[in-house]
Amino acid sequence: MLRRSVQGAHQAAENATLVHMTKEESQVGGSNRKQETPVSGQTSSQDEVAFVDSPHFDRPLRRRLVPSWIPIAAAGMILVVAVVVVVAILVARGDRVSVPDVVGMNQGDALAVIAQSGLRGEVGETRFDLQPSGTVLEQDPSPDTMLERDSIVSIVVSAGAEQFAMPDVVGESLSLARARLETLGLIVEVEYVEDATVPKDTVLYTNPLQGATVRTSDRVLLAVAAEPGSTPTLMPFDLTGVHIVLDPTPPPDGSTDVTLKSSLRLQSLLEASGADVTVTRTGSEEDVSDGARANRAEESTGAILAIGMTIAESGPGGARVVTVVSERTSSARQTSEAVAAEIANLLSADGRAVTSEVAEADAVLGDLPMAVVRVGLGSLADEEDASLLRDPTYSDRIAEKLYRAIGEKLGTPR
């Protein structure tokens, strides 16, 4: 009896010690673990004690594999990275600025505006132009381009208009001649003439001629050698000894100068065929009034034909061919009528409306003792004509038709 009591007390002490150790281990290993609410199939803390008291208990409780502080730390690191990225983007944007639009400003104002934008302006080129001296003509990069602060914006500045003598570029290559003339602010137009006696692309002659007074933005024509058979076929005529006057009336809108371009092209064709040509307006004259052009025409002694070209500011569309017959000899009148009829025939071949008229006066050519024909190239008031006048090939087509009409009536086929 006494022996059983001692054994029972000894067993109870061991059980109490085991329970105490289990609680301490649970507190140390799971101090950061929230107590979970028992659910079906799980035991409460009281049940754990009972289970520990069970003689079948043989292992401690498990610890969590991932401590609860790790997810919190990871979320904090992600937030820090996001903040750093946002700050970097804002800083990067702060270092980029938009390029201002300075074209049309004077040089000083343009450089000041560029500097105020956080950029550096520099004059990359100065060229002659009709714009006042110091005006910004171009800029690079273009407006609204985004650049890093302190980047360079290059501007091209006008040196103003200049009047000078037409350089001698005959015999030079087209590329060299074009570069020289465009550097001076001239607008270069090219006409190819078949010529096997000189290398291809050699300048044969110019209009205006060497030494003539020209100004910045004037148009100059270069006749350039082409290989035989490489240009569109145009029936050549021999017009040796024939003297012709050309009168390109200034355009009413001040910009669509088809009459001048057609005259320069026609002049080159006629001179290549041996004719002597006087043009009342070449683009370099300051006075282009009717009286000034009439005086230049009257200086052309020995001329047998005068061709005027006009663009109408109003009125119906289509071409007009006017035969001027005031106080002319029968020979001059017959020549006028023959050339006018051939011009009308060639212009109408394209299906365009052509009106033929007879007039007894012409403001510029009316007093000349020669055959006179005035050709109306179109009306700016007509939408179809206005579009045609803007076509860069139109003046060439007009010149070639007039050349053929003159060659048919005054020249001999080659």
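The values are calculated or read from the model by the stated rules, or taken from the named source; none is laboratory data. This is a predicted model, so every value here is computed, not measured. Note: ideal-geometry Cβ built from the backbone for every residue, glycine included; neighbour counts use all protein chains shown.
Filtering the range 159-181 to residues that are within 26 Å of the chain's Cα centre (by Cα) and modelled with pLDDT of 90 or more leaves LEU174, SER175, LEU176, ALA177, ARG178, ALA179, ARG180, LEU181. Residues of the range 149-161 that are in a loop (DSSP other than H, G, I, E, B) and exposed (fewer than 14 other Cβ atoms within 10 Å of the Cβ): ARG149, ASP150. Contact annotation: residue pairs with Cβ atoms under 7 Å, 6 or more positions apart or on different chains, pairing a residue in the range 296-322 that is in the same structural domain as PRO369 (by TED's automatic domain parsing) with a partner that is among the basic types (Lys, Arg) and part of a loop (DSSP other than H, G, I, E, B), are GLY318/ARG352; ALA319/ARG352.
Regarding THR335, is this residue in contact (Cβ under 8 Å) with a residue 24 or more places away in the chain, assigned to a helix (DSSP H, G or I) and surrounded by 19 or more Cβ atoms within 10 Å (Cβ to Cβ)? Full working, then the answer.
Numbers: in contact (Cβ under 8 Å) with a residue 24 or more places away in the chain: yes; assigned to a helix (DSSP H, G or I): yes; surrounded by 19 or more Cβ atoms within 10 Å (Cβ to Cβ): yes.
Spelling it out, THR335 is indeed in contact (Cβ under 8 Å) with a residue 24 or more places away in the chain, assigned to a helix (DSSP H, G or I) and surrounded by 19 or more Cβ atoms within 10 Å (Cβ to Cβ).
Assess whether VAL203 counts as being in contact with an Asp or Glu (Cβ under 6 Å, 6 or more places away or on another chain), closer than 29 Å to ARG265 by Cβ, outside the structural domain of SER395 (by TED's automatic domain parsing) and part of a strand (DSSP E or B).
Answer is yes for this residue.
Summed over the range 162-181, the residues that are touching a Pro at 6+ places or on another chain (Cβ under 9 Å) and either assigned by TED's automatic domain parsing to the domain that holds ARG127 or outside any strand (DSSP E or B) (or both) give a count of 4. Pairs are defined by a Cβ separation below 8 Å, a sequence spacing of at least 6 or placement on different chains, a first member in the range 372-383 that is under 9 Å from SER314 (Cβ atoms), and a second member that is part of a strand (DSSP E or B) and among the small types (Gly, Ala, Ser); the pairs so defined are SER379/ALA312; LEU380/ALA312; ALA381/ALA312. Residue count for the range 192-217 under the criterion of being among the acidic types (Asp, Glu) and modelled with pLDDT of 80 or more: the result is 1.
State whether the residues of the range 341-362 include one that is in a loop (DSSP other than H, G, I, E, B) and under 16 Å from PRO248 (Cβ atoms).
Initial filter on the range 341-362 (in a loop (DSSP other than H, G, I, E, B)): 349-353, 360-362.
Then keep just the ones that are under 16 Å from PRO248 (Cβ atoms); that gives 362.
Yes; the residues of the range 341-362 include at least one that is in a loop (DSSP other than H, G, I, E, B) and under 16 Å from PRO248 (Cβ atoms).
Within the range 294-327, the only residue that satisfies the criterion of being crowded, with 20+ Cβ neighbours inside 10 Å and part of a loop (DSSP other than H, G, I, E, B) is ALA303. Those strands (runs of 3 or more DSSP E) of the range 50-148 in which 1 or more residues are modelled with pLDDT of 65 or more, polar (S, T, N, Q) and within 30 Å of ILE187 (Cβ to Cβ) occupy 120-127, 136-140.
Considering only residues that are crowded, with 18+ Cβ neighbours inside 10 Å and not β-branched (Val, Ile, Thr), look in the range 281-293 and name the one that is farthest from ALA341 (Cα to Cα). Among them, the one singled out is GLY283. Of the residues making up the range 295-334, those that are in contact with a Lys or Arg (Cβ under 7 Å, 6 or more places away or on another chain) and under 19 Å from ALA275 (Cα atoms) number 1. Taking the numbered list (1) hydrophobic (A, V, I, L, M, F, W, C); (2) within 25 Å of GLU271 (Cβ to Cβ); (3) touching a Gly at 6+ places or on another chain (Cβ under 9 Å) in turn, ALA381 passes all entries but (2).
Condition first: touching a Phe, Trp or Tyr at 6+ places or on another chain (Cβ under 7 Å) and more than 22 Å from HIS243 (Cα to Cα). Now tell me which residues in the range 388-412 satisfy that.
Initially, the range 388-412 is screened for residues touching a Phe, Trp or Tyr at 6+ places or on another chain (Cβ under 7 Å), giving 388, 407, 411-412.
Across the range 388-412, the qualifying residue is only LEU388.
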